[in-house]
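Taking it in order: structure first as structure tokens, then the write-up.
Every number here is computed from the coordinates shown, using simple stated rules; none is lab data. Remember, predicted model here, so these are calculated numbers, not experimental data. In this analysis, Cβ positions are derived from the backbone assuming ideal geometry, glycine residues included, and neighbour counts consider all displayed protein chains.
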Amino acid sequence: MLTKKESEDEKTVSLVTLSLKDTKSWKLSNGTSADGCSDPSVVEWEDNQLMMMTACDDGRRRVYRISDKGESWMEALGTLSRVWGNKQGESGVRSGFTTATIGGGDGNNRKVMLVTLPVYSSKNGKEDNVNGRL
């Protein structure tokens, strides 16, 4: 969920709504991302934690962790937080992540997180290669 910045006096932040018991009772999280962070992606991770990745105005991605039923968000430093991933002014450019369990069928499965980020590079010295091809 995102609140939209309408003027310089307002903040753009990301937050979540979650259902703690059933789909009839929803709660708005007390914690939010830093000012200027939008386009959130949220996944459930280990030990009933939620992870939220946002794109921030400073050109970085920030990852937040919540484990207390929406009371507070803590930036998950040491993960992908603060990694550069500028939106390049495109509101439709998104990143995201999901979880998967992989293994060889021998009962030795691992839960992994798969992350996607937009890629921008110059092509033949030109900076107009915004289609994501390297």
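At a glance:
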read-out: Among 31-44, 98-111, 54-67, the order from most to least packed when residues are scored by Cβ within 10 Å on average; value: 54-67, 31-44, 98-111
read-out: Neighbourhood charge, 12 Å Cβ-Cβ cut-off, centred on D47 and excluding it, Lys, Arg +1 and Asp, Glu -1; value: -1
read-out: Net lengthening on full extension, D106/Q49 (0.36 nm per residue, minus Cα-Cα); value: 17.8 nm
read-out: Label-reachable residues, region 6-46, where backbone N falls under 16 Å from a point 7 Å from L77's Cα toward its Cβ; value: 34
